[in-house]
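> Attaching a single structure in structure tokens format; questions to follow.
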Amino acid sequence: MQPTQHLDPHPGKPATPVKTATARALAVAALLALLWFVLAGGDAASWIVGVPAVAAALLLARRVGAPPPAWRLDPAGALRFAAFFVRESMRGGIDVAGRVSARRPRVAPGLVHYRWRLPAGSPGRALFVLCASLLPGTLVAAADDHEVLIHALDATAPVAGELAALEEHVAALFALRLPAPEAAGA
Amino acid sequence: MSGDDVRGALSLLLIAAGMLFFLAGSVGVLRLPDLLSRLHALTKADNLGLGLVVLGLMLQADDAFEVLRLLLVWLLVLFASSVACYLVARSALRAHGDAPTAAPEGPDEDTRDGR
């Protein structure tokens, strides 16, 4: 595939095992190329844009930081996560549409701290941050190693419960186990 | 009434419903009091709105490949909007300390006199 030739002039850090880094980059390049293929509908001329886009994405991915540690996907968990995501997307959209079209917008915005239960360094945290903004009434405003700062459209709503549910679904997707089911929710 | 008619009608219905949610998202941007609250309206309403439009278009798709492509478009837009939302929220919070009242653009003061 064309995109792979862009990799060679950029060897990994000398200390890291070069072979696995190259293999990883090749796998990512193949995945990105497949993504482009599906999006562009297999039109050969589209690769004029596609190849630079894949190369740029690869370079960007290198710059962003260390690759995540090993993780695996649980198929059953992934299915349940997908169902949860679709359900919550509908709830989120309907909720916010209702709030803004009331005669006086029904909002009571506020910030809520939420302590992580997902382990540090797991890809689940990124997925959690992405999805929390699509959940009804919550939006991630900041995240550090210990907690996430959530902006709630209605701070009087049971936000922590929703976030805990999302966290459990993300954990199930990655076949992770969360510590202390209820105690950390506050 | 053939199956194609039903499918076409359902498709239009879904697309129309999706448009309504886009409208709700824009209404939210105009009516909500501060930047972070407005982000809520944009991310959530547009997520569902685009989802419904994509679903409606899937019903009109020629083959499975196109369905897959539409699904991919939805996921990529979701990803981009969620990341953008996080970045805007984070920089707003850093710049203002707490919930800021300044709007990024567009009308704000004059549309709020209805309250």
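The numbers here are math on the coordinates, done by the rules we state, and not lab data. Given the structure is predicted, the values throughout are model-derived calculations rather than measurements. Neighbour counts are summed over all protein chains in view; Cβ atoms, including those assigned to glycine, are modelled from backbone coordinates with ideal geometry.
> Tell me, what is the Rg over Rh of the range A:45-174, with Rh the Kirkwood radius over Cα pairs? Show your work: numbers first, answer last.
Working: Rg = 17.6 Å, Rh = 16.7 Å.
When Rh is taken as the Kirkwood radius, the ratio is 1.06.
> Mind checking the mean number of beta-carbon atoms from other chains within 10 Å of the Cβ atoms in B:90-96?
Details: counts 5, 1, 2, 5, 2, 0, 0.
If you average over the peptide's residues, the count of other-chain Cβ atoms is 2.
> Among A:VAL49, A:VAL96, B:VAL54, A:VAL129, which comes first, second and so on when ranked by fewest other beta-carbon atoms within 10 Å? It would help to have the intermediate numbers written out before the result.
Details: A:VAL49 11, A:VAL96 30, B:VAL54 21, A:VAL129 17.
Lowest count first: A:VAL49, A:VAL129, B:VAL54, A:VAL96.
> Tell me the relative contact order for the range A:75-185 as a rounded percent, counting alpha carbon contacts under 8 Å between residues six or more apart.
Averaging sequence separation for qualifying contacts and normalising by length gives 35 percent for the range A:75-185.
> Partner chain Cβ atoms within 10 Å, averaged over the residues of B:29-35 - can you pull that number for me?
Details: counts 1, 1, 7, 7, 3, 3, 1.
For this peptide, the per-residue mean of nearby foreign Cβ atoms is 3.
> Based on alpha-carbon positions alone, could you give the equivalent ellipsoid semi-axes of the range A:102-179 from the gyration tensor, as √(5λ), descending, whole Å?
Values: eigenvalues 118, 29, 19 Å².
Three semi-axes, in Å: 24, 12, 10.
> Continuing with this model, one more query. Peptides A:156-166, B:56-66: what's the order by average Cβ count within 10 Å, highest mean first?
Values: A:156-166: 16.6, B:56-66: 13.9.
Ranked by mean Cβ neighbours within 10 Å, highest first: A:156-166, B:56-66.
> May I pose another question? I'd like the mean, over residues of A:99-105, of how many other protein chain beta carbons sit within 10 Å of each residue's own Cβ.
Details: counts 8, 14, 6, 1, 2, 3, 9.
Mean shielding by partner chains, rounded to a whole number: 6.
> Turning to a different aspect of this structure: Quick check for me: using +1 on Lys/Arg Cβ and -1 on Asp/Glu Cβ, what's the dipole size of the range B:1-76 about its Cα centre, in debye to the nearest 20? List each step's numbers first, then the result.
Details: 5 positive and 7 negative charges, 82 e Å.
The calculated dipole for the range B:1-76 is roughly 400 debye.
> Shifting gears a bit: Between A:LEU59 and B:MET19, with labels modelled 7 Å along Cα→Cβ, what's the label distance in nm to one decimal, could you check?
Once both label points are built, they end up 4.2 nm from each other.
> By count of other Cβ within 10 Å, fewest leading, how are B:ASP34, A:ASP144, A:ASP95 ordered? Present the calculation step by step, with values, prior to reporting the outcome.
Values: B:ASP34 19, A:ASP144 8, A:ASP95 22.
Ranking B:ASP34, A:ASP144, A:ASP95 by Cβ neighbours within 10 Å, fewest first, gives A:ASP144, B:ASP34, A:ASP95.
> Here is a follow-up. Using Cβ contacts closer than 10 Å as the measure, can you line up A:HIS169, A:HIS146, B:HIS96 from fewest to most? Please list the in-between numbers first.
Details: A:HIS169 22, A:HIS146 9, B:HIS96 14.
Ranking A:HIS169, A:HIS146, B:HIS96 by Cβ neighbours within 10 Å, fewest first, gives A:HIS146, B:HIS96, A:HIS169.
> Moving to a separate point now. Could you sort B:72-80, A:32-40, A:130-138 so that the peptide with the highest average Cβ count within 10 Å comes first and the rest follow in order? Walk me through the numbers before you get to the answer.
Working: B:72-80: 14.2, A:32-40: 16.7, A:130-138: 23.4.
Packing order, densest peptide first, comes out as A:130-138, A:32-40, B:72-80.
> State, as an integer percentage, the relative contact order of the range A:14-141 based on alpha-carbon contacts under 8 Å between residues 6 or more apart. Could you put the intermediate results ahead of the total?
Working: 50 pairs, mean separation 30.1, N = 128.
Answer for the range A:14-141 is 23 percent.
> Same structure, new question: Can you give me the long-range amide H partners of A:SER133? Hydrogens built in the peptide plane at 1.01 Å from N, cutoff under 5 Å, separation of 5 or more residues or another chain.
Those lying under 5 Å, H to H, from A:SER133 are A:VAL140.
> Classify the range B:3-101 as rounded, prolate or oblate from the Cα gyration tensor: take a ≥ b ≥ c as the square roots of its eigenvalues, call it rounded if a/c is under 1.5, otherwise prolate when a/b beats b/c and oblate if not. Could the numbers behind the result be given before it?
On the way: a/c = 7.07, a/b = 2.11, b/c = 3.36.
Note, shape of the range B:3-101 comes out oblate.
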